[in-house]
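The values are calculated or read from the model by the stated rules, or taken from the named source; none is laboratory data. Given the structure is predicted, the values throughout are model-derived calculations rather than measurements. Glycine also receives a Cβ, built like all others from the backbone with ideal geometry; neighbour counts cover every protein chain displayed.
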Amino acid sequence: MKVLIATSHTQGLRADDYHFAVAGELVYFPIFDCETPGCGCIRGFAGFASAKASTTAMVVDRPDLSQADFEVAVVDALSRQGWLTEGWSEEHEDLVETVIAEIEFVTSSYETNSLIEREGNGIRCRGIIHPEEHLGWAA
């Protein structure tokens, strides 16, 4: 299954890059971007585990991750981060489906190992890593 992970690759390409997420952790598009001038949330991907963000993500293939397990991971991340309150509702289901659909749309639009960045709803590829050409590379 293709997913997005946090990466530090190409950090610093833009002066306003940041990487607080854990390299290699699953990431998603934030539920909303604030409107505070100068805030970088409009550029970040949110970490599933750390709840911290990175301005860079990578499309990876995780054959060990089933669709069902991915859905559980999304629900767990959103619950721990306060987006899903007690009691399951249609609104919760819609939010989970939206997060998954956004990730699936982007990962189907870019090839595996693409390094991507975002600005609001815009996604741009910074490049593609070819692991066989970069010994010792890490997320």
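Screening Lys2, Lys52 for residues that are under 22 Å from Ser114 (Cα atoms), among the basic types (Lys, Arg) and in contact with a helix residue (DSSP H, G or I) (Cβ under 8 Å, 6 or more places away or on another chain) leaves exactly one candidate, Lys2. Of the residues contained in segment 63-74, none is found to be among the aromatic types (Phe, Trp, Tyr), closer than 30 Å to His130 by Cβ and without any contact (Cβ under 8 Å) to a residue 60 or more places away in the chain. Ile103 fulfils the conditions (1) out of contact with any His (no Cβ under 8 Å at 6 or more places or on another chain); (2) over 19 Å from Cys125 (Cβ atoms) except for a single criterion, (2). So for segment 13-33 (the condition being buried (at least 17 other Cβ atoms within 10 Å of the Cβ) and basic (Lys, Arg)), does at least one residue qualify? No, segment 13-33 contains no residue that is buried (at least 17 other Cβ atoms within 10 Å of the Cβ) and basic (Lys, Arg). None of Ile103, Ile116 is outside any strand (DSSP E or B), under 30 Å from Pro37 (Cα atoms) and modelled with pLDDT of 95 or more except Ile103. The residues on offer are Ser50, Ser54, and the sole one that is closer than 23 Å to Ile123 by Cα, within 14 Å of the chain's Cα centre (by Cα), among the small types (Gly, Ala, Ser) and buried (at least 17 other Cβ atoms within 10 Å of the Cβ) is Ser54. Close contacts from segment 122-133, counting a first residue that is under 16 Å from Asp61 (Cα atoms) and a second that is modelled with pLDDT of 85 or more and in a loop (DSSP other than H, G, I, E, B), with Cβ to Cβ under 8 Å and a gap of 6+ residues or different chains, come to Ile128/Glu111; Ile128/Asn113; Ile129/His9; Ile129/Asn113; His130/Asn113; Pro131/Asn113. Residues of segment 46-76 that are outside any strand (DSSP E or B), touching a Leu at 6+ places or on another chain (Cβ under 7 Å) and closer than 20 Å to Glu111 by Cβ: Thr56 alone. When the residues of segment 57-76 are filtered to those that are among the acidic types (Asp, Glu) and farther than 16 Å from Val99 by Cα, the one that is farthest from the chain's Cα centre (by Cα) is Asp64.
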